[in-house]
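Inspection log for the structure reproduced underneath, given as structure tokens.
The values are calculated or read from the model by the stated rules, or taken from the named source; none is laboratory data. Quick caveat: nothing in here was measured; it's all calculated off a predicted structure. Glycine also receives a Cβ, built like all others from the backbone with ideal geometry; neighbour counts cover every protein chain displayed. What goes into the accessible areas is simple: the full protein's heavy atoms, side chains included, and nothing from ligands, DNA or RNA. Shrake-Rupley method; radii C 1.70, N 1.55, O 1.52, S 1.80 Å.
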Amino acid sequence: RLIVPIGEWVLREACREAMSWPSHIKVAVNVSGEQLLDQGFVRSVIVALQASGLSAQRLVLEVTESIFVRDAGLARAALEKIMELGCGVALDDFGTGYSSLAYIRDLHFSTIKVDRTFVQGAAKGSRESVAIIRAVVAMAQALEMSTTAEGVENENEAALIRSLGCTNIQGYHFGRPMPAAEARKLFRTAERESA
């Protein structure tokens, strides 16, 4: 039963760290179903934002479809409160779980994240994976949401995903997980190069 306190710590630390980043950079934090369904979740987000000074618009919480299977009403209520604060909410691993379109219609997610299995399938020539990515992109565009393709590992995959219309792309092709100090160095380098 440690996932809730660990998740709260991660949220506080992510918000604190993001305050040392350029102000146009957002921070995304994965939220477990246990956290989201915890009665104190919304309060923990408010506390993390207030303690760090981070603007709510710079925080994106990533949730998976599985939360809607457990308690759709409670999950929806918590997410609506988070969105009212100004935080973004991304639907992670879309298409790998419950995949009901009802919650996409009812909640205005800021981003739908295309699971890496579809990205890898498309890279291997799977017509079905390509069709799914195109459908997700079209749906997101119609609902004024962005899309993020996960798990892009090389330039060919990046080019393919760009051609399919995904708004954002993430994966090892662009960077591997790194300590916060290295991320701050990247930001400083990018700022010097753009100046």
- request: Hey, could you check segment 95-110 for residues that are open to solvent by less than 20 Å² (accessible area, probe 1.4 Å) and not in a helix (DSSP H, G or I) and say which is modelled with the lowest pLDDT?
  value: LEU107
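Residue-wise test of (1) at pLDDT 90 or above; (2) in a helix (DSSP H, G or I); (3) within 23 Å of SER32 (Cβ to Cβ).
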| site | (1), (2), (3) |
| --- | --- |
| ILE112 | yes, no, yes |
| GLU128 | yes, yes, no |
| ARG134 | yes, yes, no |
| ALA140 | yes, yes, no |
| GLU144 | yes, no, no |
| GLY151 | yes, no, yes |
| GLY175 | yes, no, no |
| ALA181 | yes, yes, no |
| ALA190 | no, yes, no |
- prompt: With respect to the numbered conditions (1) part of a helix (DSSP H, G or I); (2) surrounded by fewer than 19 Cβ atoms within 10 Å (Cβ to Cβ); (3) of a type outside the set (A, V, I, L, M), which one is the sole condition not fulfilled by GLN35?
  reply: (2)
field: From GLU157, GLU84, residue being closer than 30 Å to GLN50 by Cα and either of a type outside the set (Phe, Trp, Tyr) or in a strand (DSSP E or B) (or both)
entry: GLU84
- prompt: Just checking, how many residues over segment 47-83 are at pLDDT 95 or above, of a type in the set (A, V, I, L, M, F, W, C) and exposed (fewer than 15 other Cβ atoms within 10 Å of the Cβ)?
  reply: 1
